[in-house]
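*Asks:* Have a look at this one.
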Amino acid sequence: MRKPFIIESLILLLAATFALWGCSRTNEADIALDRADAVIEEHPDSAMAIIDAIDTLQLTSGERRARYALLKSMALDKNYVDLTTMKVLQPAIDQYITQGKGTPTDRMRTYYYQGRIYENAGKLYDASRCFVYGKKFGSLSTDRLTHARICISLGTLAHRIYQYLDAMGHFLEAAEWYEKTDAPALQFDALKKAHTCAIEKNLKPKADSIMGLIRSMPRLSVIPVGAIKGVELHHYANLGFPEEIREAIEEYLSLNQIDMEGLLDLAKGYVNLGETANALQCINAIPEDDKIRNTTKFLSLITTINMESGADKEALHAYMNLSEKIDSVNTRLFSQDIIVSEAHHKSAIGLLEEYINRGRIAACIIAICVVVGLAFMAFFILRHLNTTSRKHLKHLRIQQELDKTKMSLKLAKQLEESTHKNQELKQDKEELKQNNEELRQSNQSLKQDNEELKQSNQELKQDNEELKQTNQELKQDNECTDKAIKMRLDLIHSLLIAIIARNDRAETRALEQLKALTSNSTKFMKETRLILSSSYPRFISYLQERGLTDSEINHACLYALGLNGKDLGAFADTANQYNVSSQIRKKLGLTQHDTNLSLYLKKLLKETRCAPQTQEESQP
């Protein structure tokens, strides 16, 4: 009867222990602390009021005092009260850090708010060390928001010492944790910070990737449109092509929600577009007393604008201010000992692992004690069993025979079940064969679809090459047009000089230029068509709509300028001028009895020039 007595005693002892622990948890202070912990994220002012109302005399244990200190430090920080000493948080530091007690969440929070206090006091190296320690417990904690805030703090410190890649990694990790906690505003802010780091390192592929993450946020609709457009403007103003910059600027200006950062991005975009006057206008719109004027970003931008606009004196002055600003920032950073070297980091991690190992050693000692106690208990149980083994020997033999009988029946039943299962397996095998045949047919169909896709891709590539060739031809035509206009303007200038000055040499030079310009009739006619295409697009479009070829349009342009068929035939040196004129008249719907072709084309040129332009044609 001793075995049931021992078991019952252990059960009663455990029940009493849990009862006492449960009673201790019903303390009014514990209830108040639970309430404060539940509302501290969304209503920190209410949490502060609950904590202030707690009677500190009820904090009778180290655990309660530590929890009270931690929650009060959290509430003060969330209510924008910046602590600079450890007086409030010290009980939590003693309980959760020094003694290694508490949950991973308690220890992570303590390290984080200890780092926040160091940061408020200007001890940024100690702050970064605490953040690194706290992050080690992040994977074991359920407080995802605090884990994300640690990543934000580490990223901010890394950004302050120009370690943009490390900062970007911390901000992206924070964004992942904010997404898991369904905090879209905080997630957007973290992605925005990571995007800024990528731009400052000029990592266009990474910046494009982060922009993709922002646009694919599940709850992007809760973010203000102005904030999203501001990020897009910042992206394209620094890394975009001219047309992308122009579009981003127009979309941002259409919102009428311009802030100081937006003015800087607008100025940057205008600089990249070569519009230094607009850029300088954006810079001048920033108030003189605004703190953004003292940032390296502003000083660097105003230096570039002054250099582009030719204001060398102002550019030199801005550059000197920028150099002084960078020197002062570096001096302050090094004097505060912000930079956490690799050796310090490894040392910190080593101390943390040693601290964790101490807890493991303590756990091992407790486990050994438990094992020794169980060994003694097993010894007494075995001793009791030895005294009763003879009494149960006969009973065991009978039980063994019964077990053999039951086993035989069980085996027979299992044999019957296995036969039935084999039959089911055969049926399943046949079904699998049918499924495999269907899959094979599906794969064949997919292969055919894949071949069709490949063919479509090849056609798209060919279309793309044709578009590239067309663009190249258009570019060459534009260059040819500009060159032809310049040559004819030069000829006009030479003729004007010769007439005004009555200079025979100038007149001779002008005539030589004219002869050189008209020496190649084919080239002259093509250039005339390109110039009229630029000056009278409706005239050229009308001829193209009537099906005239480029060669026929070349002849039509000279007709429109006043040449008759005889002069045009002599100039073009073509024997089939009559056939060309007939084709033009036929395509324009003119018969042999209608008006003279030259007069018709002159009138058409005049009408298309005087016709009102569409909105697209009126735009420069």
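The values are calculated or read from the model by the stated rules, or taken from the named source; none is laboratory data. Every value quoted in this text rests on a predicted model; they were computed, and no experiment measured them. Virtual Cβ from ideal backbone geometry, glycine too; neighbours counted across all protein chains shown. Just so you know, the surface numbers come from the protein's heavy atoms only, side chains and all, with ligands and any DNA or RNA stripped out. Shrake-Rupley method; radii C 1.70, N 1.55, O 1.52, S 1.80 Å.
*Asks:* Any residue that is out of contact with any Lys or Arg (no Cβ under 7 Å at 6 or more places or on another chain), over 18 Å from S534 (Cβ atoms) and among the hydroxyl-bearing types (S, T, Y) - is there at least one of those in region 477-485?
*Replies:* Restricting attention to region 477-485, the residues satisfying the condition of being out of contact with any Lys or Arg (no Cβ under 7 Å at 6 or more places or on another chain) are 477-485.
Within this subset, residues satisfying the condition of being over 18 Å from S534 (Cβ atoms) are none.
No, region 477-485 has no match at all.
*Asks:* May I pose another question? I need a count of the residues in region 278-324 that are open to solvent by 20 Å² or more (accessible area, probe 1.4 Å), in a helix (DSSP H, G or I) and not hydrophobic (A, V, I, L, M, F, W, C).
*Replies:* 19
*Asks:* Another question about this same structure. Take Q476 and tell me if it is touching a Leu at 6+ places or on another chain (Cβ under 6 Å), open to solvent by 60 Å² or more (accessible area, probe 1.4 Å) and among the polar types (S, T, N, Q). If you could, list the steps in order and put the result at the bottom.
*Replies:* Details: touching a Leu at 6+ places or on another chain (Cβ under 6 Å): no; open to solvent by 60 Å² or more (accessible area, probe 1.4 Å): yes; among the polar types (S, T, N, Q): yes.
Judged against the criteria, Q476 is not a match.
*Asks:* So which of T595, T549 is among the polar types (S, T, N, Q), over 16 Å from F524 (Cβ atoms), surrounded by fewer than 17 Cβ atoms within 10 Å (Cβ to Cβ) and modelled with pLDDT of 85 or more? Walk me through it before giving the result.
*Replies:* Values: T595 fails: modelled with pLDDT of 85 or more.
So the residue among T595, T549 that is among the polar types (S, T, N, Q), over 16 Å from F524 (Cβ atoms), surrounded by fewer than 17 Cβ atoms within 10 Å (Cβ to Cβ) and modelled with pLDDT of 85 or more is T549.
*Asks:* Which residue is farthest from Y559 (Cα to Cα), if the candidates are limited to region 512-528 and must be open to solvent by 70 Å² or more (accessible area, probe 1.4 Å) and within 54 Å of the chain's Cα centre (by Cα)?
*Replies:* Among them, the one singled out is K523.
*Asks:* Let me ask something additional. For the list (1) buried (at least 23 other Cβ atoms within 10 Å of the Cβ); (2) assigned to a loop (DSSP other than H, G, I, E, B), I need the number of the one condition that C151 fails.
*Replies:* Unmet for C151, out of (1) buried (at least 23 other Cβ atoms within 10 Å of the Cβ); (2) assigned to a loop (DSSP other than H, G, I, E, B): (2).
*Asks:* Still on this structure, please answer the following. Does region 95-115 hold any residues that are surrounded by fewer than 16 Cβ atoms within 10 Å (Cβ to Cβ) and not small (G, A, S), and which are they? Break it down stepwise before answering.
*Replies:* Filtering region 95-115 down to residues surrounded by fewer than 16 Cβ atoms within 10 Å (Cβ to Cβ) leaves 98-101, 103.
T98, Q99, K101, T103, listed by residue number.
*Asks:* Quick one: in region 5-49, which of the residues that are open to solvent by less than 80 Å² (accessible area, probe 1.4 Å) and not in a helix (DSSP H, G or I) is modelled with the highest pLDDT?
*Replies:* Looking at the filtered set, the residue picked out is I40.
*Asks:* Out of curiosity, is S61 small (G, A, S) and either open to solvent by 40 Å² or more (accessible area, probe 1.4 Å) or more than 22 Å from D189 (Cα to Cα) (or both)? Let's see the steps before the verdict.
*Replies:* On the way: small (G, A, S): yes; either open to solvent by 40 Å² or more (accessible area, probe 1.4 Å) or more than 22 Å from D189 (Cα to Cα) (or both): yes.
Here the answer is yes, as S61 does meet what is asked.
*Asks:* With the requirement that a residue be under 38 Å from the mean Cα position of the chain (by Cα), assigned to a helix (DSSP H, G or I) and either of a type in the set (D, E) or farther than 15 Å from T110 by Cα (or both), what does region 58-84 give you?
*Replies:* Within region 58-84, D77 is the sole residue that qualifies.
*Asks:* Could you grab the pairs with beta carbons closer than 7 Å, sequence gap of 6+ or different chains, first residue in region 127-144 and closer than 10 Å to M108 by Cβ, second one modelled with pLDDT under 90 and surrounded by fewer than 23 Cβ atoms within 10 Å (Cβ to Cβ)?
*Replies:* Close Cβ pairs satisfying both conditions: Y133/A348; Y133/L352; K136/L352.
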